[in-house]
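Take a look at the structure below.
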Amino acid sequence: MKKYFAILAAALFAFAACQKPDPEPTPVEDSVTLMSDAVVNIGSESSISVIKFKATNNWLAYIYDVNGSDTDYAVLDKVTGDAGENSIKLTAQGLPEGVDGRDFNVVISCGTASVEVMFFQGKVFYIHHTSDNLVSQQGGKVTFDIITNCKYEVKTYDKAGDAFEWAPVTRDGDHFTVDVQANKTFDERDGYVKFTIDEIQVPVIDEETGEPTGETEAMVARVRFFQAGNTAVAWSNDFIWDYYADPSSFTMAICGDNILISNTNGVIPFNKKTGKAGAPLTLPKNPQGITNDDAGNLVFFFGGNYPLEEGVEYIPLEVYVLPKGETDFTKAKKIITYTNGWYGYGLDNIRVSGDATGNAVVDFISAAGWDGGSSIVSWVVTNGECELDPESGENIYSDYVSLSWTSAIWSSRNAVARHMGTTLDSGLYSIGYDGNYNLHYNNSMSAANWQEVLVSGSSWAEGYNAIDAIEWAGHKFVSFIGMSYFGKTNWGDDTAPWSYMPSYLWLVNVDDPANPVKASVYEYYMTEDLFVYGSTTDVCLEVEGDKLVAYVVDSGVSKIMKFVYNNIF
């Protein structure tokens with residue numbers, strides 16, 4: 001009996017094994033592999049070419065013209081087929097009169113896989129990119145191949161049209177390598193390899209009409225490459241005009257996690273990380289201007305005008321300091337009261353060096369219009385106090401110096417000045433919209449000591465009314481803005497298209513105060529819909545971690561921006 005059960009069990013096992021279903025077949029992965037050339041040069045006459053390939057599944061083929069033209073000049077003898085080794089015959093017509101060459105591809109697809117065969121007929125010049133053209137600040141290589149049956153001339157240039165050394169080009173036959181070196185400068189940079197192919201003539205296009213002139217010129221092709229610099233835009237947001245009625249007097253300061261942008265109509269906080277606006281501050285009255293001192297305290301002022309027009313009330317100058325980290329404006333301390341007024345267009349565009357709760361210098365601009373006599377008026381703060389006039393009981397200014405390098409500061413917001421220390425002889429910088437437009441330095445408060453130390457290259461179309469200074473990575477820097485006052489260049493010609501003029505953010509090294517060295521000049525543009533005429537700018541510098549940061553408000557381009565400079569020293 002035991003033997004019977006053993007035989008029965010074995011039979012059942014064998015039966016079950018026979019009934020087990022067959023496994024599912026393993027799917028064949030889609031692939032198509034060329035067995036002939038991927039690049040084919042054919043002559044100007046009619047020709048026949050054969051493409052050989054291997055496909056793992058059913059395949060499809062088609063032709064497309066690289067320039068988007070019809071492809072009725074070429075035909076394939078087969079456009080579909082089965083898996084395995086295959087061949088396709090391509091018949092191309094000869095080039096018609098007046099056509100130097102054609103550039104078309106044959107695409108063979110097998111499921112999700114595909115290959116392309118590039119065909120060049122007649123005189124052709126084709127650039128095949130084999131790498132990305134954007135290189136990091138640390139450097140890298142840009143590679144590409146030239147596919148041509150023509151002779152060509154090759155040269156390299158930077159964006160200004162000059163030869164350069166920071167990206168040497170080597171070639172191995174028609175394979176090119178651009179070895180982009182590390183970028184030790186703040187600015188982005190770009191260059192290009194230029195090819196001139198005399199054998200291929202292209203129509204000359206009239207720049208005004210966009211139509212062919214009937215003449216021809218040598219074909220030109222370029223490979224451009226770009227490299228990041230040490231200046232980066234962290235964010236850039238459109239200005240919020242709903243909050244501001246008057247665009248002519250914007251000032252900026254840092255307060256906690258926000259930057260504050262102010263004019264006489266309101267003070268709005270903007271988040272430093274995102275640039276997004278918060279709710280307008282509720283203040284008893286809006287300050288005439290705000291700034292930061294070197295210690296990060298918030299300094300703001302009221303009044304300071306001069307009543308040139310009949311019926312305009314004079315408002316005495318009052319300057320307050322709110323300690324760093326404090327956001328309650330009622331806790332601000334008044335450090336300056338000045339009731340005498342200052343002739344011309346009053347006092348504006350405050351800047352503070354040092355610590356206004358301790359020792360500092362407070363600078364104002366006083367413009368006198370087109371007749372000259374514009375000045376920098378300064379107060380010295382010692383232990384948080386300014387000198388008092390015993391008779392009037394007000395804080396008298398410590399000194400002033402004429403802006404003898406200009407005769408045309410027509411508004412107290414059209415120039416700016418800033419000391420570099422806590423005493424009057426610590427040296428100061430000034431720049432303005434005056435017909436000169438250059439940075440000036442004075443090692444004391446004598447009009448005879450002004451030196452023109454940096455040429456901006458600006459013109460009547462750009463104004464300067466913002467400046468800030470900071471120590472970073474063991475060096476001293478000054479930043480200022482050359483804003484586009486007018487923005488558009490077709491003045492007097494309503495039929496011409498607008499051509500926008502850029503603004504410029506400057507950063508200069510002032511380790512040697514009388515010999516500033518340009519570190520970065522960043523160029524940025526306005527947007528058409530948000531353009532506002534006759535508006536102003538401000539800039540705040542701050543160190544975040546090991547990076548230098550510049551916050552910018554430029555109502556000429558209707559932007560609030562955050563720039564980041566990498567620590568490369």
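The values are calculated or read from the model by the stated rules, or taken from the named source; none is laboratory data. Keep in mind that this is a model prediction, so the values were computed, not measured. Neighbour counts are summed over all protein chains in view; Cβ atoms, including those assigned to glycine, are modelled from backbone coordinates with ideal geometry. Calculation scope for accessible area: heavy atoms of the full protein, side chains included, ligands and nucleic acids excluded. Shrake-Rupley method; radii C 1.70, N 1.55, O 1.52, S 1.80 Å.
Report yes if some residue within the stretch 369-380 is open to solvent by less than 10 Å² (accessible area, probe 1.4 Å), assigned to a helix (DSSP H, G or I) and under 25 Å from residue 308 (Cα atoms); otherwise report no. For the stretch 369-380, residues open to solvent by less than 10 Å² (accessible area, probe 1.4 Å), assigned to a helix (DSSP H, G or I) and under 25 Å from residue 308 (Cα atoms): present. Residue check: is residue 217 out of contact with any Gly (no Cβ under 8 Å at 6 or more places or on another chain), part of a strand (DSSP E or B), farther than 30 Å from residue 507 by Cβ and open to solvent by 70 Å² or more (accessible area, probe 1.4 Å)? For residue 217, the condition - out of contact with any Gly (no Cβ under 8 Å at 6 or more places or on another chain), part of a strand (DSSP E or B), farther than 30 Å from residue 507 by Cβ and open to solvent by 70 Å² or more (accessible area, probe 1.4 Å) - is met.
Every listed requirement among (1) surrounded by 19 or more Cβ atoms within 10 Å (Cβ to Cβ); (2) under 21 Å from residue 538 (Cβ atoms) is met by residue 438 save one, (1). When 542, 471 are screened for being over 20 Å from the mean Cα position of the chain (by Cα), assigned to a strand (DSSP E or B) and at pLDDT 90 or above, only 471 passes.
Could you check, for the stretch 398-417, whether at least one of its residues is farther than 19 Å from residue 450 by Cβ and of a type in the set (Val, Ile, Thr)? Within the stretch 398-417, not a single residue is farther than 19 Å from residue 450 by Cβ and of a type in the set (Val, Ile, Thr). Of the strands (runs of 3 or more DSSP E) that lie entirely inside the stretch 92-202, those containing 2 or more residues that are more than 30 Å from residue 517 (Cβ to Cβ), in contact (Cβ under 8 Å) with a residue 60 or more places away in the chain and open to solvent by less than 70 Å² (accessible area, probe 1.4 Å) span 101-110, 113-122, 125-129, 140-148.
Looking across the stretch 194-218, the residues that are at pLDDT 90 or above and of a type in the set (A, V, I, L, M) come down to 197, 218.
Can you tell me how many residues within the stretch 243-294 are of a type in the set (Val, Ile, Thr) and either at pLDDT below 85 or in contact with a Cys (Cβ under 9 Å, 6 or more places away or on another chain) (or both)? Number of matching residues: 5. Screening the stretch 59-72 for residues that are of a type in the set (Phe, Trp, Tyr) and within 46 Å of the chain's Cα centre (by Cα) and picking the one that is nearest to residue 126 (Cα to Cα) gives 64.
Of the candidates 520, 503, the single residue that is at pLDDT 70 or above, farther than 21 Å from residue 252 by Cα, open to solvent by less than 50 Å² (accessible area, probe 1.4 Å) and hydroxyl-bearing (Ser, Thr, Tyr) is 520.
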